[in-house]
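The values are calculated or read from the model by the stated rules, or taken from the named source; none is laboratory data. Given the structure is predicted, the values throughout are model-derived calculations rather than measurements. Here the Cβ positions follow ideal geometry from the backbone for every residue, glycine too, while neighbour counts run over all protein chains shown.
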Amino acid sequence: MLEKEFYISTLITSELNGSLDPAGNDELQNWKNSSSEHLEFYDRLIAKEYFLQEFQNFNQIETDHIWQLTRSGLKDSLNVKTTDASVRRIKIWPRIAALAATAAALVVCIYFFSGNRHANLSQIDYAKRYPYVKPGKSGSTITLSSGKVIRLSDHQKGLVIGSSRLAYTDGSVVTADGASNLKDETLTATTTKGQTYIFTLPDGTKVWLNADSKISFAQFFKHKTRKVFLEGEAYFEVAKDKLHPFIVANKNQQIEVLGTHFNVNSYKDEPGIATTLLEGSVKIKVGNGQKIIRPGEQALNRLGIISVRKTDLASVLDWKNGDFYLNHVEFKTAMRKIARWYNMEVIYDASVPDNMELGGWVSRNNQLSTVLKSIESAVSVTFRVEGRKIFVMR
């Protein structure tokens, strides 16, 4: 069993070093898929990138001696219960270069994960500062005119609204309480914090709904306009129909298009409503005034005053593409994005300035700790996570 564990650790290390061959990759995938505990352990180890600091110099130690110590001390297998209070999160240091030594270190890491309560982990408080917080996922609800709520599958990514039914993008019909057969309904799609979903509207328009957002629309667009009401953020790919303009409305403005691709960010905690155009043209109406923007431009509506500027499309569409794009993004703007996706509240110490900017990007598929650690390495702040709160200190 120990030799098997050591072999698995060499596969993990090879993957980290970028040297894992196809056969080894198949074996590693089979091991991960053989039990939920294996997969959970792997996700924690790789995504969180933790490892004990004293292992950073393992490449300077005689490998066979480490392995002998490991063989004599290791009692449990890789089958780790991540809900056990003894689980520790450990950092993998990139500068560990020797494959065999690193593999041995991984096995020792497994020993700590397997419940050795006498291990000295006082050198790090990382696990305490960053408890395990999963990223958001696919999920949404649909509310009918009657008030009936249909919870959509989180194993699906999208829903198609047809003339008489709701169906997922793979063709399977939504059958919750027989609600798949619709008549003339007004539908409201809602995502909570930590959810996102894709909707195909009756006219063929596709809508990517970001976390903590809501969109309402008619099951049939029977009038001269195709009108939807948005709260939060969504990306639209509007089906072309010159005779029936598509309108995105909220309490402060209306956006009118014929067929185009654009993003609308109307969160209440943002400084204004940001409309960003990728393709076509968009007319934004506020009161008696209006602005037309072109691809690559963003209109920002602050208290009824619209300003137009060129913008970095990558930073606007990062959420749709599964990333946090943070290049030249204000720190607190980035933290609002992170809080919505991980369903967290951010609390700032008075010492944290308002004028910091970030750089780079990180995947939204990472656990929260990985994202926060990346930011810590870029700006002079420290995070502490308690429950659903992120505390930020200078």
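Given the options ILE247, ILE215, name the one that is assigned by TED's automatic domain parsing to the domain that holds PRO295, surrounded by 21 or more Cβ atoms within 10 Å (Cβ to Cβ) and in contact with a strand residue (DSSP E or B) (Cβ under 8 Å, 6 or more places away or on another chain). Outline the logic, then answer.
Numbers: ILE247 fails: surrounded by 21 or more Cβ atoms within 10 Å (Cβ to Cβ).
Going through ILE247, ILE215 in turn, the sole match is ILE215.
ASP269 passes all but one of (1) modelled with pLDDT of 95 or more; (2) under 24 Å from MET335 (Cα atoms); (3) charged (D, E, K, R); which number fails?
Here ASP269 meets the rest and fails (1).
Please work out if PHE236 is in contact with a Leu (Cβ under 7 Å, 6 or more places away or on another chain), without any contact (Cβ under 8 Å) to a residue 60 or more places away in the chain and of a type in the set (A, V, I, L, M, F, W, C).
no
Identify, please: which residue in the range 309-359 is surrounded by fewer than 16 Cβ atoms within 10 Å (Cβ to Cβ) and within 24 Å of GLN290 (Cα to Cα) and is, among those, modelled with the lowest pLDDT?
ASP312
Could you look through the range 129-152, keep only residues that are assigned to a loop (DSSP other than H, G, I, E, B), surrounded by fewer than 16 Cβ atoms within 10 Å (Cβ to Cβ) and within 23 Å of the chain's Cα centre (by Cα), and pick out the one that is modelled with the lowest pLDDT?
Checked the range 129-152; the qualifying residue modelled with the lowest pLDDT is PRO131.
Restricting to the range 235-251, and then to whatever is assigned to a loop (DSSP other than H, G, I, E, B) and of a type in the set (D, E, K, R), can you tell me which residue is farthest from ASP318 (Cα to Cα)?
It comes out as LYS242.
Based on what the data block shows, is ILE215 within 30 Å of THR370 (Cα to Cα) and either at pLDDT below 90 or in a strand (DSSP E or B) (or both)?
Numbers: within 30 Å of THR370 (Cα to Cα): no; either at pLDDT below 90 or in a strand (DSSP E or B) (or both): yes.
Criteria not met by ILE215.
Got at least one residue in the range 120-128 being at pLDDT below 50 and over 30 Å from MET344 (Cα atoms)?
yes
In the range 224-234, how many are in contact with a strand residue (DSSP E or B) (Cβ under 6 Å, 6 or more places away or on another chain) and either in a loop (DSSP other than H, G, I, E, B) or not assigned by TED's automatic domain parsing to the domain that holds LYS214 (or both)?
Filtering the range 224-234 for residues in contact with a strand residue (DSSP E or B) (Cβ under 6 Å, 6 or more places away or on another chain) gives 225-234.
From what's left, either in a loop (DSSP other than H, G, I, E, B) or not assigned by TED's automatic domain parsing to the domain that holds LYS214 (or both): 225.
Total satisfying the criteria: 1.
List every residue pair whose Cβ atoms lie under 6 Å apart, where the two residues are 6 or more positions apart in sequence or sit on different chains, the first residue falls within the range 132-153 and is outside the structural domain of ARG388 (by TED's automatic domain parsing) and of a type in the set (A, V, I, L, M), and the second residue, located anywhere, is in a loop (DSSP other than H, G, I, E, B) and surrounded by 17 or more Cβ atoms within 10 Å (Cβ to Cβ).
Once the first residue is outside the structural domain of ARG388 (by TED's automatic domain parsing) and of a type in the set (A, V, I, L, M) and sits in the range 132-153, its partners that are in a loop (DSSP other than H, G, I, E, B) and surrounded by 17 or more Cβ atoms within 10 Å (Cβ to Cβ) give LEU144/GLU185; ILE150/ALA179; LEU152/SER140.
Tally the residues that are within 17 Å of VAL286 (Cα to Cα) and either β-branched (Val, Ile, Thr) or not assigned by TED's automatic domain parsing to the domain that holds LEU209 (or both), restricting the search to the range 250-266.
Matching residues across the range 250-266 total 3.
Just give me the residues in the range 274-305 being of a type outside the set (Gly, Ala, Ser), surrounded by 14 or more Cβ atoms within 10 Å (Cβ to Cβ) and in contact (Cβ under 8 Å) with a residue 24 or more places away in the chain, in sequence order.
Selection gives THR275, THR276, LEU278, VAL282, LYS283, ILE284, LYS285, VAL286, GLN298, LEU300, ASN301.
In the range 356-377, what residues are free of Cβ contacts under 8 Å to residues at least 24 places away in the same chain and part of a loop (DSSP other than H, G, I, E, B)?
SER377
Could you list, ordered by first residue, the pairs with Cβ atoms under 6 Å in which the first is in the range 314-339 and aliphatic (A, V, I, L, M) and the second is modelled with pLDDT of 90 or more and in a strand (DSSP E or B), at least 6 apart or interchain?
Going by the 6 Å Cβ cut-off, the qualifying pairs are VAL316/ASN263; VAL316/THR276; MET335/VAL346; ALA339/VAL346.
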